[in-house]
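Here's the structure we're looking at; comments come further down.
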Amino acid sequence: FSVSAPFTEVASLKYEVAIVQAREEKDAANLVVLSGGIVTAIALLIAAVIAVSGDWIAEKSGNSAAAGLLLVAPALVFCTGWSNVLVSWLNRGRSYVRISASEVCRSVFVIVLQIGWGLYENAARGLALGRLGGLILGLSLFCHQVGRQQWAFIVRSFNGRTIRNLAREYRQYPTYDVPREFLISFSASIIPILLAMYFDAASAGLYWFAVRILEAPKTLIGKSVRRVFFRKAVALEQNNEFLLPALIKVTAGLFGLGLIPAAAIILFGPGLFDLVFGSGWREAGVYAQYLILWWLSSFCASAANSLVPILRLQRVTLLLEMFGVGLRLAGLAVGIILGSDILAIALCSIAAFLVNTGRIVQIFYHVIKRAPTRMVAETQ
């Protein structure tokens, strides 16, 4: 999972985002081919590296017995990458119900297969192959949702010159979005590693558990809102309409929706974790109390973040993300120096809150800045 995680979200070099933005259906179809081709090439490259160096990688990671399971990594990248591509195509057609139903089924498949396989044989193999099996079934569902007619249209639309032109037109995605995704992945993985190194494994485990619990509703709701709002924002932009009213409405709704669980965690976090998960996880509730600022600001930023490609702010967003990672690590370092894991997490959360808030303000500023041009155009 660790080998595949940094690649799964960037396997198409983020070209799949442009599928929704393309004005012509044939351009969107060629972007499906471009994105899917890149996903396949990267998965094959990872497979080749693992086939040649898998034993060495497993040995250096301290788990030589896992060499065979490493071959699951390129398959995970392939299934997740292609699923993201097909979701973007379905999102272009506003097939929100189909997307949600397929994603729910995929998650259920993964859980059922992991538990069933784990009970049948080795637990580690069950976790890896169960997840892969669930993702394969999920990808099959997405392929089915696209349908024969749409697949036929995508094949008929294939044009090598168009694909090259689209790759150049949307080059900001691999140039800026891919490094930003790697930064996000690095930031997510380095914090528990540093907690384990400078405090103990329990601190890393408690942090991981608190983040896992907080991320679940954000991923479920925030991702869906971002997908739907992005499609709406693209339509508004193509029709030369003002984005600000829709952005205010969705951001305010996200804030109102997130405020209730945030208040509950701040007031009763340790008690809630104790009640739901048992006394052994009470301390994770303490961690959650300090992480909730980070969570709330990230949740509220879902709509604003979806406007980054529309406003062409990928470069600025990458620089802001670099600054944010540095600020979070600085806060973590202060806590480590002072010997307090709680202080380290609190300062890290405050740093992330400030950066996320800054990003929301930045997006609103650029949307408002475009208002006069839009309003003049509408008047004319």
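The values are calculated or read from the model by the stated rules, or taken from the named source; none is laboratory data. Given the structure is predicted, the values throughout are model-derived calculations rather than measurements. All Cβ positions, even for glycine, are placed from backbone atoms using ideal geometry, and neighbour counts span all protein chains on display. All accessible areas refer to the heavy atoms of the entire protein, side chains included, with ligands and DNA or RNA removed. Shrake-Rupley method; radii C 1.70, N 1.55, O 1.52, S 1.80 Å.
Points to keep in mind about this one:
- Checklist (1) closer than 16 Å to Ala344 by Cβ; (2) open to solvent by 40 Å² or more (accessible area, probe 1.4 Å); (3) of a type in the set (Gly, Ala, Ser) applied to Ala216, failing item: (1)
- Going through (1) under 26 Å from Leu236 (Cβ atoms); (2) more than 20 Å from the chain's Cα centre (by Cα) one by one, Gly147 falls short only on (1).
- Residues being without any contact (Cβ under 8 Å) to a residue 60 or more places away in the chain, among the hydrophobic types (A, V, I, L, M, F, W, C), under 26 Å from Gly126 (Cα atoms) and surrounded by fewer than 22 Cβ atoms within 10 Å (Cβ to Cβ) - total across the stretch 1-45: 3
- Within the option set Ala204, Ala252, Ala216, being free of Cβ contacts under 8 Å to residues at least 24 places away in the same chain, of a type in the set (Gly, Ala, Ser) and under 20 Å from Tyr96 (Cα atoms) holds for one residue only, Ala216.
- Across the stretch 166-193, the number of residues qualifying as more than 22 Å from the chain's Cα centre (by Cα) and over 26 Å from Arg94 (Cα atoms) comes to 1.
- Any hit, the stretch 292-306, residues being open to solvent by 20 Å² or more (accessible area, probe 1.4 Å), touching a helix residue (DSSP H, G or I) at 6+ places or on another chain (Cβ under 6 Å) and among the small types (Gly, Ala, Ser): yes
- Single residue of Ala263, Ala201 found to be open to solvent by less than 60 Å² (accessible area, probe 1.4 Å), among the hydrophobic types (A, V, I, L, M, F, W, C) and farther than 24 Å from Glu9 by Cα: Ala263
- Some residue of the stretch 30-48 being at pLDDT below 95 and over 24 Å from the mean Cα position of the chain (by Cα): yes
- The number of residues in the stretch 93-133 that are among the hydroxyl-bearing types (Ser, Thr, Tyr) and free of Cβ contacts under 8 Å to residues at least 24 places away in the same chain comes to 1.
- Residue check, Val316 modelled with pLDDT under 95, in a helix (DSSP H, G or I) and closer than 25 Å to Ile266 by Cα: no
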